[in-house]
Amino acid sequence: MSEPVTLGALTIAEALAPAPAGYVLVAFADGALGLGAKTSAALGEAAGVIPRAAEISAFKGKIGSALDLLAPAGLDARRLLVLGTAPEKEGGKTDYLRLGGLVAAKLGKSKNARILFDFAAQPEDFATAAGDFALGLRLRSYKFDQFKTRKTGKDEPENGGPVDFRIAGAEAAPIADAIAKVSGLADGVDLARTLVNLPPNLLYPESFADKAKELEKLGVDVEILDVPALESLGMRALLGVGQGSKRPSRVVIMRWNGGAKDAQPVAFVGKGVCFDSGGVSLKPGAGMEDMKGDMGGAACVTGLLHALASRKAAVNAIGAIGLVENMPDGAAQRPGDIVAAMSGTTIEIINTDAEGRLVLADVLWHVQSAFKPAFIVDLATLTGAILVALGQEYAGLFSNNDQLAQRLTEAGTQTGEKVWRMPMGPAYEKMIESKFADIKNTGGRHAGSISAAQFLQRFVNDTPWAHLDIAGTAMSSPTGDLNQSWGSGWGVRLLDRLVKDYYEG
Ligand code: BES
Ligand code: MN
Ligand code: ZN
């Protein structure tokens, strides 16, 4: 990963001062090509080129469009970049998060930029707008290039030096404050992305656990359970998945205690299959490399705990991740095996490639019995079938609790990390009845995501619970204004928002 971009705050007056390396000056124009008053004053005569250039390039101030100008005489900047802010729908609101992403995109390789955060119509809530904007800049600027040894010219900042974006306002302090408030969240998303992007020879259960341990620096309690500890808890379902791998399994429990001393915690559980070959039920070779991302749920939970701790969220939160590698070898689990989960439920293994539910079964059970949380949300790249049902736009939501499902749906709308609720019920539970054990780990050809969710539900009793199937959203998702990386970091913003809006204070 390249160094994260440095964001800083300036006053608009400071933004116009000369800089030895030169810089790109960014300004905003609305649908009538109106500039902010401070921007007009700062640009002076130079502002005069904007309407003429706009006419030539048919620039109408729509969000997503830009005027890229050689900086007019009188400015120290090298380029003057004018971005449109007019919402796509008339009467709509400017999306400052997206605008941040668009600015980062339009800046391209010119990484020394000063942005006049000033508009013809000031945002209703300046602090939120500035925070969203800063977050968008950060999210779009993420790059995973640590294994590229030959940097092409394309990757080098045009004007040298460290990547540096300065956001300028009438006063610097409120902007500095807004940047500080979102930087932990941006770091959490970046962390989740990097964990998903890292190759499986480097990111395996032990090394993932070591990375989670680093959250201690932020005040998170991190407990790593090794194989003997998992044996004594009776996590045979989880251990069965890892037994064909040279890499020993781990469960990591992260605890952020930002709430009242005795307040009931909220809990997040993540599937952390660091590589899913399918095991003895081996997957086909084509595309198997993508299964390094089968720990996307665990990555999200780790990124979320990072974000909550960074912003000192007023909540007690638990993040629990089951880390295994699913490999075929002489010691591997077989189809036909029967294992007893920590809960006592016996499971017949039909397909060793349906391993995520086995890992989650034990972690869910442990979390609900050890911590009695107010709710559990689990995240898992659980089924290919969720891609068939929902594609890559929505994650599948399965829940035993309408209020929790509703809150997740609302947080999804607010953040753009959207979830779509899927049905559950006794008729689907029939699909996982086993001839020889209590349940089996696959449910047949139809409704594969639902039978997987029914399986998980067996391990949560009455705890309000929601399962997010993120096989379509955590990795290889379409790139967009906020993300260009294979690992998307999906879910960190969603769950940070869920906590912030409903469970803090
Ligand atoms: N990790 C996969 C699901 C997956 C597929 C994630 C594509 C991301 C992209 C999971 O462990 C799996 O193999 N599921 C099987 C279940 C089946 C054997 C019942 C599947 O979806 O085919
Ligand atoms: Mn699998
Ligand atoms: Zn898997």
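Here are the numbers for the structure shown:
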quantity: The stretch 394-417, residues that are under 22 Å from residue 295 (Cβ atoms) and charged (D, E, K, R); calculated: 417
quantity: Failed criterion for residue 371 (all others in (1) touching a strand residue (DSSP E or B) at 6+ places or on another chain (Cβ under 6 Å); (2) within 15 Å of ligand 1 (Cβ to nearest atom) hold); calculated: (2)
quantity: Extreme residue, nearest to residue 85 (Cα to Cα), among residues of the stretch 109-130 that are surrounded by fewer than 24 Cβ atoms within 10 Å (Cβ to Cβ) and within 23 Å of the chain's Cα centre (by Cα); calculated: 129
quantity: In the stretch 58-108, the residues that are among the aromatic types (Phe, Trp, Tyr), more than 26 Å from residue 413 (Cα to Cα) and within 24 Å of the chain's Cα centre (by Cα); calculated: none
quantity: Residue within the stretch 283-301 that is more than 16 Å from residue 238 (Cβ to Cβ), surrounded by fewer than 20 Cβ atoms within 10 Å (Cβ to Cβ), within 12 Å of ligand 2 (Cβ to nearest atom) and in contact (Cβ under 8 Å) with a residue 40 or more places away in the chain present; calculated: yes
quantity: Test for residue 352: is it closer than 12 Å to residue 240 by Cα, within 12 Å of ligand 2 (Cβ to nearest atom) and in contact with a Ser or Thr (Cβ under 8 Å, 6 or more places away or on another chain); calculated: yes
quantity: Tally of residues being among the β-branched types (Val, Ile, Thr), in contact with a strand residue (DSSP E or B) (Cβ under 8 Å, 6 or more places away or on another chain), within 15 Å of ligand 1 (Cβ to nearest atom) and part of a helix (DSSP H, G or I) across the stretch 380-416; calculated: 1
quantity: Test for residue 441: is it of a type in the set (S, T, N, Q) and at pLDDT below 95; calculated: no
quantity: Lone qualifier among 277, 249, 310 - being away from ligand 1 (no atom under 13 Å from the Cβ) and over 19 Å from the mean Cα position of the chain (by Cα); calculated: 249
quantity: Within the stretch 446-479, considering residues that are in contact with a Gly (Cβ under 8 Å, 6 or more places away or on another chain) and in a loop (DSSP other than H, G, I, E, B), the one modelled with the lowest pLDDT; calculated: 476
quantity: Strands (runs of 3 or more DSSP E) contained in the stretch 187-281 and holding at least 1 residues among the acidic types (Asp, Glu), more than 30 Å from residue 7 (Cα to Cα) and within 16 Å of ligand 3 (Cβ to nearest atom); calculated: 266-276
quantity: Number of the exception - residue 455 against (1) under 30 Å from residue 289 (Cβ atoms); (2) surrounded by fewer than 17 Cβ atoms within 10 Å (Cβ to Cβ); (3) in contact (Cβ under 8 Å) with a residue 60 or more places away in the chain; calculated: (2)
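Results for (1) in contact with a His (Cβ under 9 Å, 6 or more places away or on another chain); (2) away from ligand 3 (no atom under 12 Å from the Cβ), shown as yes or no for each residue.
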| position | (1), (2) |
| --- | --- |
| 320 | yes, yes |
| 325 | no, no |
| 330 | no, yes |
| 334 | no, yes |
| 338 | no, yes |
| 341 | no, yes |
| 345 | no, yes |
| 349 | no, yes |
| 356 | no, no |
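The values are calculated or read from the model by the stated rules, or taken from the named source; none is laboratory data. Quick caveat: nothing in here was measured; it's all calculated off a predicted structure. All Cβ positions, glycine included, derive from the backbone under ideal geometry; neighbour counts span all protein chains shown.
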